[in-house]
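A quick write-up on the structure given underneath.
The values are calculated or read from the model by the stated rules, or taken from the named source; none is laboratory data. Computed from a predicted structure; not experimentally measured. No Cβ is skipped: glycine too gets one built from the backbone with ideal geometry, and neighbour counts run over all protein chains shown. The area values use the complete protein model at the heavy-atom level, side chains included, leaving out ligands, DNA and RNA. Shrake-Rupley method; radii C 1.70, N 1.55, O 1.52, S 1.80 Å.
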Amino acid sequence: HSVALYCEQFIAKRNAQGPKLVVESFRSVGLGHTRTRLVALNDDMPFLVDSIVAALHQLHLNVQLVVHPVIHTVRDSHGALQLVTDGPDPSAHTRPESWIQVFFDETTPQMLATIADTIKHVLHDVS
């Protein structure tokens, strides 16, 4: 339930230009320890996931899980989510967005900032 709510809140608003990115520590209820997650929402394009994972490996992070659905959305001019469809819908003017979640071991607050800066550059370079 809380995972679904987090996901809904994350994709609800996005700037019209550029990616949305969060890198944060969270307490894993089922596993009983703190982990780190990177969540990115970006226009879908080739090499996003590969580039992100490669950058995390260069930072010597142990990637444990990658989740990457492509969602088809309609947003208003302010980036607020209006519609999510099962697939491309030309009549609704949907556009594909990559929603990427990467999970890895807990890290320091300083490293969270380094990860965020690194991934911002990666997303800029890929697009």
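Express the C-alpha Rg of the chain as a ratio against the empirical globular expectation 2.2 N^0.38 Å, rounded to two decimals.
On the way: Rg = 15.0 Å, N = 127, 2.2 N^0.38 = 13.9 Å.
For the chain, the normalised Cα radius of gyration is 1.08.
Note the angle between two axes, namely the Cα long axis of helix 109-126 and the longest principal axis of the Cα atoms of the chain, as a number of degrees from 0 to 90, rounded to the nearest 10.
40 degrees
Before I look further, what does the chain give for accessible area per residue, probe 1.4 Å, in whole square angstrom?
Numbers: 7450 Å² over 127 residues.
Counting only protein heavy atoms, the per-residue value for the chain is 59 Å².
Hey, any idea what % of segment 35-127's accessible area is carbon plus sulfur with a 1.4 Å probe?
Percent of accessible area from carbon and sulfur atoms in segment 35-127: 55.
Ranked from highest to lowest mean number of other Cβ atoms within 10 Å per residue, what is the order of the peptides 13-21, 47-55, 60-68?
Details: 13-21: 14.4, 47-55: 16.2, 60-68: 12.3.
Top of the packing list down: 47-55, 13-21, 60-68.
Quick one: angle between helix 2-11 and the longest Cα principal axis of the chain, in degrees between 0 and 90, rounded to 10, please.
60 degrees
If you fit an axis through the alpha-carbon atoms of helix 48-58 and take the longest principal axis of the Cα set of the chain, what angle between them do you get, 0 to 90°, nearest 10?
10 degrees
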